[in-house]
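Notes for the one structure printed next.
We did not get these values from a lab; they are worked out from the coordinates using the rules stated. Because the structure is a prediction, the values reported are computed rather than measured. Here the Cβ is made from the backbone with ideal geometry for all residues, glycine too, and neighbour counts use every protein chain on show.
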Amino acid sequence: MFFRRLIAPSLFAFFLTILFATQLPAENPAELAPNGSFETGNADSTWPADWGQVKSGGSWEKEGGNHFIRLKSPEPGQMVMMYQELKLPPGTEALRLSWKQRVSNLKKGKNSWFDARIMLEFVDDQHQKLKPAPKPAATGKDTDGWQERQVEFLVPPGAYWLQFMPTLFQVETGTFDLDEISLQSIDPAPIRQEMEKRNQERQAKLAADEDKRRAKAQKILDENDSLIPNGSFQAKKGDLPLYWGKMSGAVRWENEADNTFLRIESPEAGKLAMLYRTYDIPKGTKALELSWKQRI
């Protein structure tokens, strides 16, 4: 009896501990980007601790007591990139990447994607790339001071590292400031649900577009007795055959005795000369007959 009286309160307290422990909110997710505020310097205080140096165009800046990384294009067309590998805990299925950025004096390079961007890649423990990779977080114009950005994405099976690569991608000019980098593991379910929703919407739109194209093809067939309107090239819009447009180079229009026809001529040995067209097919079509006249 004495033993039961001694142990019973202990057991009761033990069960209460378990009960309350299961009801306590989960701790904040572990931070996977060390020193993401860039406030802690390395041993000689020349660069943020735990971050790799930038080969060219990078600096560790300070404004009003706040440290941040700056990428600045030293000359037009030069790639400026910070490369960092962030290790992922086993079983990570989804990630949230957040950061602060400031972009100024940005002038894109010759291609539309030559801008300020954060590129992301997954690799396994042997540094083999894994797909799919997250879409780059691109910025094509100056920001109004600092702005906060965030992206969420799924992690492919076997991913061991996330390659984090803020970049001025061959811009003409530009400055790309970065601060408050944060990477955390998150629940993948909402992302998968959103992806499924978008996929269903996309499939519905594709189906609707296909129905419209097939209906239009049926109308063309009914009006022209052919899916290829003006196949004789005789109906004109100005000086050109209706529905066909201008041709040039190896493919061009010719006329003999008021008969317009298409000529494809080899410009040189081994070089391809081709006319390319696509035609929608009415719904329910089981077979097609293609006929034409040719002269070689």
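Taking 8 Å as the Cα distance limit and 6 or more residues as the minimum spacing, I'd like the relative contact order of the stretch 149-296 as a percentage.
RCO, the stretch 149-296: 16 percent.
Suppose only helical runs count, i.e. DSSP H with n ≥ 4. What mean residue ellipticity at 222 nm does that imply for the chain under -39500 (n - 2.57) per run, divided by all residues and rounded to the nearest 500 deg cm²/dmol?
One gets -7000 deg cm²/dmol as the mean residue ellipticity at 222 nm.
In terms of Cα to Cα distance under 26 Å, which lysines are near enough to LYS129, apart from those fewer than 8 places away along the same chain?
LYS55, LYS87
Give me Rg/Rg_expected for the stretch 58-187, where Rg uses Cα atoms only and Rg_expected = 2.2 N^0.38 Å with N residues.
Normalised Cα radius of gyration, the stretch 58-187: 1.08.
Largest first and to the nearest Å, give the Cα extent of the stretch 19-135 along each principal axis.
62, 39, 26
First measure r as the distance between the Cβ atoms of GLU75 and GLN163, then evaluate 1/(1 + (r/R0)^6) with R0 = 25 Å and state the FRET efficiency to the nearest 0.05.
The computed FRET efficiency comes out at 0.50.
Relative to the present Cα-Cα distance, how much length would full extension add between ASN111 and SER226 at 0.36 nm per residue of separation?
Gain on stretching ASN111 to SER226: 37.3 nm.
If each residue of separation counts as 0.36 nm, what is the full-extension length gain between LEU130 and LYS62 once their alpha-carbon separation is subtracted?
So the chain would gain 20.8 nm between LEU130 and LYS62.
Dimensions of the chain along principal axes (Cα, Å, largest first)?
116, 63, 39
Using a Cα-Cα cut-off of under 22 Å, which lysines could be cross-linked to LYS141, ignoring same-chain neighbours fewer than 8 residues away?
LYS72, LYS100, LYS107, LYS108, LYS110
Can you give the FRET efficiency for GLU254 and THR173, using 1/(1 + (r/R0)^6), R0 = 41 Å, r = Cβ-Cβ distance, to the nearest 0.05?
With a Förster radius of 41 Å, E is 0.25.
Between LEU206 and GLU39, what is the spin-label point distance in nm, taking each point 7 Å from the Cα along the Cα→C-beta axis?
4.9 nm
Rounded to the nearest 0.05, what FRET efficiency do GLU31 and GLN193 have when you use their Cβ-Cβ distance and R0 = 25 Å?
0.45
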